[in-house]
Amino acid sequence: MAIKRRAWMSRTRGAMTVAEAGRRGGATTAERHGREFYEEIGRKGGKTTAERRGSEFFEEIGRKGGEKVKELYGPHFYGRIGKIGGDALSMKYGHEHFEEIGKRGGQKVADLVAKGRQAS
């Protein structure tokens, strides 16, 4: 009931909820500073987090996030989004892009195999 009352007050008397104040503040900040501001503070925050917690922290939250996605959407979800991403890359770069990276990958494998044969 209190939430409805606050929403009603925000429309009628000018009072605003904390959520509404946050939304307005975020919109104002976005208008003033733009996308680059958020990219920069995200980069700084990520760097600080990495210094404080190490790469293991990011590995752990990535693993947990992946597990949650698999739980919510099922394991086949990754195949679907992979196809969407592949189709988008194909549209952007064309078939030749995939041929080129395939050749590079094949050459890398051939070099590693040759190096392994020489070592033994």
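What the table below lists for this structure:
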{"item": "Computed Rg/Rh of the range 11-88, alpha carbon atoms with Kirkwood Rh", "result": "1.14"}
{"item": "Cβ-defined net charge surrounding residue 76, 12 Å radius [Lys, Arg +1; Asp, Glu -1]", "result": "+3"}
{"item": "In nm, spacing of pseudo-spin labels at residue 43 and residue 90 (7 Å Cα→C-beta vector)", "result": "3.4 nm"}
{"item": "Theoretical FRET efficiency, 1/(1+(r/R0)^6), r = Cβ-Cβ of residue 23 and residue 110, R0 41 Å, to 0.05", "result": "0.15"}
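Just so you know, all these numbers are worked out from the coordinates, no wet-lab data involved. Not measured: the values here are computed from a predicted model. No Cβ is skipped: glycine too gets one built from the backbone with ideal geometry, and neighbour counts run over all protein chains shown.
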